[in-house]
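To start, the structure itself, in structure tokens.
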Amino acid sequence: MMSRRYRLKWIILAAAMLAMFQTVQAQNTAPQLGKNNVKEVVTAMTTEEKVKLLVGMGFNEDIAGLPGPSEEDKKIPEKVQGAAGRTHAIPRLGIPSLTLSDGPAGVRIAPIRKGDTAKTYYATGFPIETLIASSWDTAVANRVGVAMGREVRDFGIDILLAPAMNIQRNPLGGRNFEYYSEDPLIAGKMAAAFVNGVQTNGVGTSIKHFAVNSQEFNRMQSNSVVGERALREIYLKGFEMAIKESRPWTVMSSYNLLNGTYTSQSEDLLTTLLRNEWGYKGFVMSDWFGGSDAAAQMRAGNELLMPGVVSQAEDIIKAVNDGTLSKEQLDRNVERVLNIILLSPSFKQTAFSGQPDLKSSAQVARETATEGMVLLKNDNNLLPLATAKVALFGNASYDLIAGGTGSGDVNKKHVVSLDQGLTAGSFTIDDELKQTYMQFIADQKAKRPPTAPFMMPPPIAEMIVAPERLQKLAGESAVAIITLGRNTGEFVDRKVENDFTLTSIERELIESVSQIFHEKGKKVIVVLNVGGPMEVASWRDKVDAVLLTWLPGQEGGHAIVDILSGKVNPSGKLATTFPVKYDDVPSAKTFPGKELPGAKPFIVNPFAGVPAEALYDEGIYVGYRYYNTFGVKPAYAFGYGMSYTNFSFGPVKLSNSKFVDKVTVSVAVTNTGKVAGKEVVQLYVSAPKQKLKKPESELRAFAKTRFLKPGETQVVSFTLTAKDLASFDPATSSWIAERGSYAIRIGASTAKIDLAKDVVVEKRRKLMAPVNEIKELVPGASASRR
Ligand code: BGC
């Protein structure tokens, strides 16, 4: 007979074993992502698990004032050190963690890993997006996407946080270098081509920053105040195209408020427009620490909060418990995230090497850089240059600025400087001058205070070169090259003085080099190694040639020499205007916005700034739309760029003279010069002005020819639909092509087509209107809003 005590012990043991068995069984029978359908997986999740999935694992960089991961998450090793963020895994249900990494010019990860000193993890630094857009060639954007996506995959990353595609509204925009253009058609087409390229590798993208994030000033608390028409035609259109033409896995909402509501909390933007109007099927993530109300973000359809903060998870659970966030809304968000996880390499357990083929990417970086450089001036065909001795001036000649700073930066193994590129290209440079510059740069850098993480180091002033030395150099060298450098980066907008304009030493350098070299019959070339437009009108007449190289990526020095030497014939055109002076910019008076006195901060973090407002009162007259409509002559116009050959355009031919549904436009392009090259074909439409005012003309299509030999002709065709002719009418919330005569211009040739009556292309809902009416700029007699 068992004693009572002994029996009790047995009962307790048996009960414990049964409980254990049941848990194991529950685990085994819990639905598994991929094996069971997504809805079953969602049903099996606890509220805590759902919220875990929707709030990232926290910010791994240790920056004072920014919340970090939970203690529990800190213990989970990162799959890819230095990646911008990751999502929570839920192993019980077969849900893996996703790894997300910046950015637009290449994969941003830690090049050296803790606990792994045997290998390095440098990634390729590609040229900036502004350069890619200046190629006006979607095939170039696609090729960069394919190459970058391969690195994303090989590093074991799931989603690349790119492309960035906000409008370059003002030349001082701090992140313009990460964006494509002042024109939404170029931004949209380039982004779509890039996304399609990246995603062929089985990894995802995040088009960002959705939307109207065209300034950095107080960026986490700045309200972009924009009229409905400008919103649709300028700031949303590129995103719409990218969504429809490339299906990016994710969209990143922006930091700013839009007409009073945080974009990440705007149901109008993220659900009514993005999902219902545009048919978007992926998920939306917030920008890092963006927004002020986690539950509102969830309701609006901002499915993932990045990098994720513990208090956000608590707030969402609270909202579920008190009913302010419904179970349906929560489940909908979880489902959308799971649907993308199903596509990811982490879910598919795709093997990855951690060691991408950097050599082939470097080749893509070099070729791309040559495609987007813009030859601005070339008096008496100074360029291309035969190999000769070069006197090389300017800090950036020896310390090339390959890319911008912040999250758009890339940890690249090397940067090919211009002096290295020239030497590799069989040019000779003055070695003594090189040594002086190298010493000067090293000394100046040593004097700089340390730069905070992500921030841009202050620029180094140019060195003064004594006239006697210039005399000697002018005697000994065939030509002078002066490189002017401008870095640019996240968090801060650029300034007019000494950034948009030249510094006094730069002016003096151009002045003295030009004078002394010209006296000796030697020519002067300026290389602009810059992230955005700058003032050129006051000094360009002093020099013989100007080459805009942008921030050309790690192979920049080679690429510049490919152009200077004529190995590659330049074919880049400006996708952003170079104004004569800053005051000519339509948003000169309202950019970057103003702080709102006395307003209470919505959020407090070291990068948040204070509440501010950016009034976009130039309306649709952004970039060239302003200059051409208001008759303001820029220094170098949108679409401008020279070649070493000449092209002629034949007459514009139309398939019909009356517009019904669509029209085919064709033009013959002939290389009439002496060397082979490519030409950009830009199609502009001047629309009739009935009820709506219109810009003088707008870019409605573009293409690049193939490589044409001298004498060779290519016929390029475009098909325009009514949407391509339409404007957005805020009074009726519709896209409308108004009746009348449309002038279609390519090069110097124009053809006209008639539209018999108004065509309403799309009827939409009124969305995101400004709270108070904006007094916008309008062309005509009263050409002012101020
Ligand atoms: C930037 C994003 C970036 C994110 C992650 C933010 O500061 O605005 O563009 O993707 O950081 O690094």
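For region 435-450, the residues whose amide N sits under 18 Å from a probe point set 7 Å from the Cα of Glu476 along the beta carbon direction are 435-440. For Gly85, the amide hydrogen comes within under 5 Å of the amide hydrogens of Leu100, counting only partners 5 or more places away or on other chains and with H modelled in the peptide plane. Is the shape of region 553-613 rounded, prolate or oblate, going by the alpha carbon gyration tensor and its root eigenvalues a ≥ b ≥ c, with a/c under 1.5 for rounded and a/b larger than b/c for prolate? Oblate, since a/c reaches 1.5 and b/c is not below a/b. Each peptide in 80-92, 670-682, 438-450 was scored by the mean count of other Cβ atoms within 10 Å over its residues; highest first, the order is 80-92, 670-682, 438-450. Length gained on full extension, Asp583 to Ser70: 179.8 nm, using 0.36 nm per residue less the C-alpha separation.
Each of Ser311 and Glu40 was given a label point 7 Å from its Cα along the Cα-to-Cβ line. The distance between the two points is 4.1 nm.
Loop-located chymotrypsin sites (Phe, Trp or Tyr not before Pro) in region 623-728 (DSSP state not H, G, I, E or B) with no more than 14 neighbouring Cβ atoms inside 10 Å: Phe707.
Mind giving me the FRET efficiency for Asp443 and Ser512? R0 is 22 Å, r the Cβ-Cβ distance, nearest 0.05 is fine. According to the calculation, E is roughly 0.50. Backbone N atoms of region 450-473 closer than 16 Å to the 7 Å Cα→Cβ label point of Lys389 belong to residues 469-473.
Placing +1 on each Lys and Arg Cβ and -1 on each Asp and Glu Cβ, with no other charges, gives the chain a dipole about its Cα centre of roughly 1780 debye. Treating the angle as unsigned and between 0 and 90°, give the value, to the nearest 10°, between the Cα long axis of helix 138-154 and the longest Cα principal axis of the chain. That works out to roughly 40 degrees. Between helix 431-447 and the chain there is an angle of about 40 degrees, using the helix long axis and the longest principal axis of the Cα atoms. Proximity of backbone amide H atoms, modeled 1.01 Å from N, is registered between Val284 and Val251, Glu303, Leu304 at under 5 Å, excluding neighbours fewer than 5 places apart on the same chain. Summed over the residues of region 515-623 and divided among them, the accessible surface reaches 32 Å² per residue at a probe radius of 1.4 Å. Placing +1 on the Cβ of every Lys and Arg and -1 on the Cβ of every Asp and Glu, with nothing else charged, gives region 609-726 a dipole about its Cα centre of roughly 420 debye. Would you please give the FRET efficiency between Val778 and Asp62, computed as 1/(1 + (r/R0)^6) with r the Cβ-Cβ distance and R0 = 41 Å, to the nearest 0.05? Once rounded, the FRET efficiency stands at 0.20. Backbone phi angles across region 208-222, fed through the Karplus curve with coefficients 6.51, -1.76 and 1.60 (θ = phi - 60°), yield HN-Hα couplings of 8, 10, 8, 7, 6, 10, 9, 8, 9, 3, 6, 4, 8, 9, 9 Hz in residue order; Gly and Pro are listed as x.
Can you compute the label reach from Lys413? Point 7 Å from Cα along the Cβ direction, backbone N cut-off under 19 Å, restricted to region 544-571. Counting only backbone N, you get 553-559.
In the full protein assembly as shown, how much of Arg143 is accessible to a 1.4 Å probe, in Å² to the nearest 10? Probe radius 1.4 Å; accessible area of Arg143 about 90 Å².
Treating r as the C-beta distance of Thr120 and Thr451 and R0 as 25 Å, the FRET efficiency rounds to 0.65.
Site pair Thr29 and Asn656 shows an inter-label distance of 6.5 nm when each label is modelled 7 Å from Cα along Cα→Cβ. The peptide list 103-113, 352-362, 408-418, put in order of mean Cβ contacts within 10 Å with the highest first, becomes 103-113, 408-418, 352-362. Taking packing as the residue-averaged number of other Cβ atoms within 10 angstrom, the listed peptides 308-317, 733-742 run from highest to lowest as 308-317, 733-742.
In the chain, helices alone account for a calculated mean residue ellipticity at 222 nm of -8500 deg cm²/dmol, with every DSSP H run of four or more residues adding -39,500 (n - 2.57).
Normalising the average separation of contacting C-alpha pairs (under 8 angstrom, six or more residues apart) by the number of residues puts the relative contact order of the chain at 14 percent. Taking each residue as 0.36 nm, the span from Lys689 to Glu48 lengthens on full extension beyond its C-alpha to C-alpha distance by 225.1 nm.
The values are calculated or read from the model by the stated rules, or taken from the named source; none is laboratory data. Since the structure is predicted, the reported quantities are computational estimates derived from the model, not experimental observations. For neighbour counting, all protein chains shown are included, and Cβ atoms are generated from backbone atoms with ideal geometry for every residue, glycine included. The area values use the complete protein model at the heavy-atom level, side chains included, leaving out ligands, DNA and RNA. Shrake-Rupley method; radii C 1.70, N 1.55, O 1.52, S 1.80 Å.
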